[in-house]
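This report refers to the structure that appears directly beneath it.
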Amino acid sequence: MPKRINIEVSSELLNFLFHEWGIWEKIDDGRLTSDTHPKKDVPSWGYSDCVSRIVYHNWPEGNHVATSHCVVSKNDSAEVFHRDAKNIMYQGLNLYAL
């Protein structure tokens, strides 16, 4: 299996690709599954009473497609106050933003 190539891109480009390729829509309508690791949540410095969370998005068969970051309420109401793209996997490339 060939090694994945990691390419750092701007957060603006990555967020553009999330919109252009319909990643947010696929997440919202359930075509992509979303997995979190709540033990890795940290308090959000920009939103009081919220946590900062990393979310992994996969096709139903398990292939990783993208990763995003979101800020959600601590009370598990799942209300999202902010979200942005962290990486997209595309044909052996890992496009990521710091």
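For the chain, excluding the exposed loop sites themselves (GluC sites (Glu not before Pro), DSSP loop, at most 12 other Cβ atoms within 10 Å), the longest remaining stretch covers 1-60. Residues S52, S11, ranked from the fewest to the most other C-beta atoms within 10 Å, line up as S11, S52.
Helix 11-20 and the long axis of the chain differ in direction by around 80°, with both axes built from C-alpha atoms. Largest GNM mean-square fluctuation among R83, R31, R53, using the chain with Cα springs under 10 Å: R31. Note on the chain: with a GNM built from Cα contacts shorter than 10 Å, the maximum mean-square fluctuation among N15, N63, N75 falls on N75. Spin-label model, K39 to E20: label points 7 Å out along the Cα-to-beta-carbon direction sit 3.8 nm apart. Computed from backbone phi, the HN-Hα couplings of segment 48-64 come to 5, 6, 10, 10, 9, 9, 9, 10, 9, 10, 10, 5, x, 7, x, 5, 5 Hz, rounded to whole numbers (Karplus: 6.51 cos²θ - 1.76 cosθ + 1.60, θ = phi - 60°; Gly and Pro given as x). For the residues V72, V51, V42, a GNM of the chain with alpha-carbon springs under 10 Å puts the largest fluctuation on V42. Here log10 I(q)/I(0) by the Debye sum over Cα atoms at q = 0.10, 0.16 Å⁻¹ was computed from the coordinates, and among [x] -0.28, -0.70; [y] -0.31, -0.74; [z] -0.30, -0.64 the match is [x]. Rounded to the nearest 20, the size of the Cβ-charge dipole of the chain about its Cα centre is 400 debye, with Lys and Arg at +1 and Asp and Glu at -1.
Read-outs: derived from the displayed coordinates by stated rules, not from any lab. It should be emphasised that the depicted structure is a prediction, and the values quoted were computed from it without experimental measurement. Glycine gets a Cβ as well: all are built from the backbone with ideal geometry, and neighbour counts include every protein chain shown.
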